[in-house]
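The values are calculated or read from the model by the stated rules, or taken from the named source; none is laboratory data. Note that this is a predicted model, so its numbers are computed, not measured. Neighbour counts run over all protein chains shown; Cβ positions are idealised from the backbone, glycine included. Heads up: the accessible areas ignore ligands, DNA and RNA and are worked out on the full protein's heavy atoms, side chains in. Shrake-Rupley method; radii C 1.70, N 1.55, O 1.52, S 1.80 Å.
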Amino acid sequence: MKFLLLICLFPAFLYAQTPNLDFEQRSLDNSPKGWTRFGNNYLFSLDSTNRHTGRYALRIAYINDKGFSAADWRIPATFAGKKLTLKGFVKTENTGLDADTYAGLWMRIDDQSGNAIGFDNMQSRGIKGTNDWNEYSITLALPDEAASIHIGGLLIGKGTAWFDDFSLSVDGIPFNKAPAKIVKLAKAQTDTTFNKGSDIELGKLTNEQIDNLTVLGKVWGFVKYYHPAVTQGNHNMDAELFRVMPAVLNATSVKQRSDALLNWLNTFGPVREDEVSQKDIDKGVHKPDLSWLSDTKLLTPALQSRLSTIRLTKRSGKSYYVSMAPQVGNPVFEHENPYRRMKSPDAGFRLLSLYRFWNVIQYFFPYKHLIGEDWNQVLPAFIPKFAVANDSLTYRLAALELIGRIHDTHANLWGDPIVRTKFKGTYYAPVQLRHIENQFVVTGFYNDSLGKQSGLRRGDVVKAIDGIPTETLVRQRTPYYPASNEPTRLRDMCRELLMGHARTATLDIDRAGKPLSIVLERYQAGQAKFNEGIDYSSYPKDSCYQLLHPDIGYLFLGNIKASKLPQIMDLFKNTKGLVIDLRCYPSEFVVFSLGKYLTQPTPFVKFTGGHIETPGLFSWGPELKVGERNVTNAYKGKVIILVNELTQSSAEYHTMAFRTAPGAVVVGSTTAAADGNISPFELPGGLRTMISGIGVNYPDGRETQRIGVGVDVEMHPTRKGIMDERDELLDKAIDLIREGK
């Protein structure tokens, strides 16, 4: 039975920091004290002239280029209630002049792992134009699992906005006077013995120690997801790892190692062996990889027997460390302490990081069978690397290399400042590169004025950077750029190949066959604004659609608006062909709202999903269909879909759906090959990563992961096309429509 400890947190009125919600507390730089700022390309300061009450209001003002700025105040969720309401006074001047720009309030609720579980930024009701002071509000439900609240004001796009006199209430009561929150803690949450360190020290490991730690990692992960006492929340498995690790690490025989693990398992209590039916397991498309449980070279008979009993015991559909997302079915990893204050985790925590990731893949990665190597061999290969990764960067590079072994473009270290500043560099180039015809070709600029100053031109080929050939740089960096396939890895490298630690870089280039050397100026963040979108196609910047010719329609899903589809399809209804450009990430999910115009109900996808009761088992889900019958303005023309390495995840899913249109043709090259709802989690040190959480397949079972969506007409851009500023894929689409193919 689950052990619950009732703890009354400190009352909300003991909130440690006096909230500066009226902006009356001023810092030396004239910013509001205690507020965090997002977005550097805006003025962010207190204003004593335009204010609602008191001496100051916060002023956020546009300077130049695209972007947004926001103010953020974090409040621990130590109060009880059902609804949170943020109120604040806002004044605006010339906001919302462009589409999707506005000013407003925002509020986000995070759980203990930092995942957003409630969010509103007034996107659908943003403040536009010039307005005097008015009060606005946001209300969100307050979930039991709320750990922190983020509130503030924001400005997206041009204009100026002033903010003043914020208030946060819980069911109508000021948050700092609301009733204290009663938190139900699982027994695992009360075990904080090793939260500040593992007391594990490692030097160079012997082969025997590597073997011991390999077995420990496997047994620990198996117990974490299979033992009923753990799934009920009775044991903190991080702490349990550090309790048993010294004895296992120092074992000198299989028997001594197995005895240490048996003694450890005794502390979890008895487990009853049940006659678990193999019916569901036999029907699984991918079955748990547990053959090692019967390996006599790893485990003594006594330990094998104990682990077999754990495997066969009945488990409920709930688990402390993982659940399945409603409807979608991807794993939701819970109660994984990120230990964010540990920038350089000690040896024990580094091994915890390895074990945590390895076992997530072992039991909940739907594409483990596509990794291309024996996952069991990856664990012992990385134990020595994590053991000696004793500084913050080396640890992160080891994690990146490990993550790269699963070949999933969704999996990376996302937003890590140490990787960015110590490995990639803090200086950015205003130059866009793409890997075209096996070369790194300049295709445009992230900042037009700085791009012109760079001395580079469209079509230039970068051959070397500071004397190092680009082929060498690719080889050196490949382990640290996780991706499902090589085109996607090179895509990601292109974005950062010219970054560095110095203000300038010397480039050896080829310009129309002539070798040149150029000193490239680079800029730190905040010195210049870069547009990070890769703009090499001819889509309109201010619209998601256009008529390329009177008889050819064009849709760019990078800024598609589902609300506009009826009028768009009415405009396109008599055209000969429609080009759907998916060389982007769709701004809105329009699989069904657009798909209904393109086809009758047709199966386009089916999924595989994991199981809580039997970790490692994956089963088929039902097929999904796209399309509708008797739709007004059903499209009867030719459908051409454009794809390339930028077509990832949702874009690939949209492609799978739209290619069911009769006679549809997919034109382009290998896509990013990472589909399926993401499942994020953190590793010690606050390393944020994720995996593709469900398997996405065509109705006939064909895979898309690592392969990409099917392409009917393979075509790549050329260096000459870049120099001529032509979108060759779009030209090909027009030709196919004209030819009626």
Criterion: over 21 Å from Ile63 (Cα atoms), at pLDDT below 95 and surrounded by fewer than 20 Cβ atoms within 10 Å (Cβ to Cβ) - qualifying residue of Asp132, Asp111, Asp100: Asp111
Which numbered condition Gly425 misses (of (1) open to solvent by 10 Å² or more (accessible area, probe 1.4 Å); (2) over 26 Å from Leu205 (Cβ atoms); (3) more than 18 Å from the chain's Cα centre (by Cα); (4) not basic (Lys, Arg)): (1)
Candidate set from the range 557-616 (those that are among the polar types (S, T, N, Q) and within 21 Å of Ser124 (Cβ to Cβ)); member that is surrounded by the most Cβ atoms within 10 Å (Cβ to Cβ): Asn559
Helices (runs of 4 or more DSSP H) (entirely within the range 388-501) containing at least 3 residues that are of a type in the set (Gly, Ala, Ser) and over 29 Å from Thr718 (Cα atoms): 392-404
Per-region count, the range 631-649, residues open to solvent by 20 Å² or more (accessible area, probe 1.4 Å) and more than 15 Å from Ile737 (Cα to Cα): 7
Flag if Arg434 is among the basic types (Lys, Arg), under 24 Å from Glu521 (Cα atoms) and surrounded by fewer than 17 Cβ atoms within 10 Å (Cβ to Cβ): no
Selection count, the range 577-596, where residues are touching a residue at least 60 places away in the same chain (Cβ under 8 Å) and basic (Lys, Arg): 1
Residue list for the range 228-245, restricted to those being over 23 Å from Met342 (Cβ atoms) and out of contact with any Lys or Arg (no Cβ under 9 Å at 6 or more places or on another chain): Ala229
Hits in the range 378-416 (condition: open to solvent by 40 Å² or more (accessible area, probe 1.4 Å) and polar (S, T, N, Q)): Asn390, Thr394
Pair list, Cβ under 6 Å, 6 or more apart: the range 176-199 residue open to solvent by 80 Å² or more (accessible area, probe 1.4 Å), other residue modelled with pLDDT under 95 and in a loop (DSSP other than H, G, I, E, B): Lys187/Phe3
Subset of the range 690-716 (residues that are under 30 Å from Gly415 (Cα atoms) and open to solvent by 20 Å² or more (accessible area, probe 1.4 Å)): Met690, Glu703, Arg706, Ile707
Every pair of residues 6+ apart whose Cβ atoms lie under 7 Å, when the first sits in the range 465-493 and is within 17 Å of Gln439 (Cβ to Cβ) while the second is of a type in the set (Val, Ile, Thr): Thr470/Val462; Leu473/Ile465; Pro487/Thr670; Arg489/Thr478; Met493/Val474
Contacts under 8 angstrom Cβ, first residue in the range 225-246 being closer than 16 Å to Val271 by Cβ and open to solvent by 10 Å² or more (accessible area, probe 1.4 Å), partner part of a helix (DSSP H, G or I) and not hydrophobic (A, V, I, L, M, F, W, C), 6 or more apart: Thr231/Tyr225; Asn234/Lys187; His235/Lys187
Index of the failed condition, Leu555 passing every other in (1) in a strand (DSSP E or B); (2) touching a helix residue (DSSP H, G or I) at 6+ places or on another chain (Cβ under 8 Å); (3) at pLDDT below 95: (3)
Any hit, the range 201-222, residues being of a type in the set (Lys, Arg), modelled with pLDDT of 95 or more and open to solvent by less than 10 Å² (accessible area, probe 1.4 Å): no
Flag if Ile518 is open to solvent by less than 20 Å² (accessible area, probe 1.4 Å), touching a strand residue (DSSP E or B) at 6+ places or on another chain (Cβ under 9 Å), at pLDDT 95 or above and over 30 Å from Glu703 (Cα atoms): no
Qualifying strands (runs of 3 or more DSSP E) (wholly inside the range 67-185; at least 2 residues being under 27 Å from the mean Cα position of the chain (by Cα) and closer than 25 Å to Gly34 by Cα): 68-76, 102-110, 116-120, 129-141, 148-156
Residues (open to solvent by less than 20 Å² (accessible area, probe 1.4 Å), part of a strand (DSSP E or B) and not β-branched (Val, Ile, Thr)) located in the range 667-689: Gly668, Ser679, Phe681, Glu682, Leu683, Leu687
Residues (open to solvent by less than 70 Å² (accessible area, probe 1.4 Å) and within 13 Å of Ala71 (Cβ to Cβ)) located in the range 33-46: Gly34, Trp35, Thr36, Gly39, Tyr42, Phe44, Ser45, Leu46
Residue within the range 471-483 that is of a type outside the set (Ser, Thr, Tyr) and modelled with pLDDT under 95 present: no
